[in-house]
Amino acid sequence: MEPHVNAKLLFNHATTLKLHTGNLVNRSRLKKKCPSSPSEELQDCIQGTLSEWFAAMPSSLNSHHQSMYRQWDEKTVVMVIVTGKGLLCLCSILPLSANLPESSELPSVLNCTVPENTEAITPEEREELKVSVKLFLTESDRSSIRSAVDMACLSLGVSQLDSVIIAPPPLPEGEAQTLTHLEPLWEELESLVHSQKIAAIGTSDLDKTLLEQLYNWAQVKPSSNQVNLASCCVMPPDLTAFAKEFDIQLLTHNDPKELISAAGFQEAVQGSSKDLQAADWRLEWVLRYSIIVKSRGIIKAKGYIVHAKKSTDH
């Protein structure tokens, strides 16, 4: 069976997509070597990773032979699809006591990563590296934050992220961000700091007034605030003064308000293989990470982790 037929079989059955691009420092994998924007880079990465993942699929995959169960630890089992190159598809982790589906059933969760492009951080090198993350939410679901952090830690082989900056979901035109919007998201970040999954947390695109409101309300204070220089060529003096007084690092970025549109995501999926139906899929969050060698200030690795769901309303 051709890879694109297998891809269609798996993709059309799945309801959850978890995608990790792997390390993008080596950009030879990217279709466009110098993306013009973060949005273009992400779209290219999604399409490229899915294309590689589908191409690695065994030709014998069909509805009668494609999966097996393996014990994950003393409490859980996991269903996998394997190829000669290693793990191809990791499906939902289930309790060991659960009634397992027949092995012939196709997975509902697709974990798309290409093993040779992914390298976990070893315990020996962890102290020399800083793992920084920016999390882009498309929905105001605080549980997405914990899900994204857990997936990043698992994918990168670490127990804690050094810093996480939150980019709240875009608001309707004309509606302004308020502390009420931020509070539930920040509470979830604080919980992750208390459980030592994150060392420091930061914000994105807050003006002085909102940053001050968040600082005064929060138990765990923001350590940084990103400012988009496309909207202000110079750092606002009142923001600079407040950040200096309360030791908040001001950083710059060039991310759009919406990192990737629904249409852009669907276009990337459709471009990865023939005959895929992407209209029912929606992004829940995108996590961008960078791994920096502290002593040298160079980027050892960078990449994206993407989580998407398929609507099952019809």
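The values are calculated or read from the model by the stated rules, or taken from the named source; none is laboratory data. Not measured: the values here are computed from a predicted model. No Cβ is skipped: glycine too gets one built from the backbone with ideal geometry, and neighbour counts run over all protein chains shown. Just the protein is used for accessible areas: all its heavy atoms, side chains included, with ligands, DNA and RNA removed. Shrake-Rupley method; radii C 1.70, N 1.55, O 1.52, S 1.80 Å.
Quick check, is VAL25 of a type outside the set (Gly, Ala, Ser), at pLDDT below 90 and assigned to a helix (DSSP H, G or I)?
no
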Tell me whether region 41-52 contains one or more residues that are among the β-branched types (Val, Ile, Thr), open to solvent by less than 40 Å² (accessible area, probe 1.4 Å), modelled with pLDDT of 75 or more and part of a loop (DSSP other than H, G, I, E, B). no
Taking only region 145-160 into account, find how many residues are assigned to a helix (DSSP H, G or I) and closer than 12 Å to GLU119 by Cα. 3
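Of the residues that make up region 230-249, is at least one of a type outside the set (Ser, Thr, Tyr) and under 20 Å from the mean Cα position of the chain (by Cα)? Don't jump to the end; show me each part of the working.
The first filter runs over region 230-249 and keeps only residues of a type outside the set (Ser, Thr, Tyr), leaving 230, 232-239, 241-249.
Remaining after also requiring under 20 Å from the mean Cα position of the chain (by Cα): none.
For region 230-249, residues of a type outside the set (Ser, Thr, Tyr) and under 20 Å from the mean Cα position of the chain (by Cα): absent.
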Collect the residues in region 255-298 that are in a strand (DSSP E or B) and exposed (fewer than 15 other Cβ atoms within 10 Å of the Cβ), keeping them in residue-number order. VAL293, ILE298
May I ask you to list the residues in region 146-167 that are open to solvent by 30 Å² or more (accessible area, probe 1.4 Å), free of Cβ contacts under 8 Å to residues at least 40 places away in the same chain and in contact with a strand residue (DSSP E or B) (Cβ under 8 Å, 6 or more places away or on another chain)? GLN160, ASP162
Would you confirm whether or not region 196-211 contains a residue that is more than 15 Å from THR178 (Cβ to Cβ) and surrounded by fewer than 16 Cβ atoms within 10 Å (Cβ to Cβ)? yes
Output the residues belonging to region 207-228 that are at pLDDT below 95 and either of a type in the set (A, V, I, L, M, F, W, C) or under 12 Å from ARG146 (Cβ atoms) (or both). VAL227
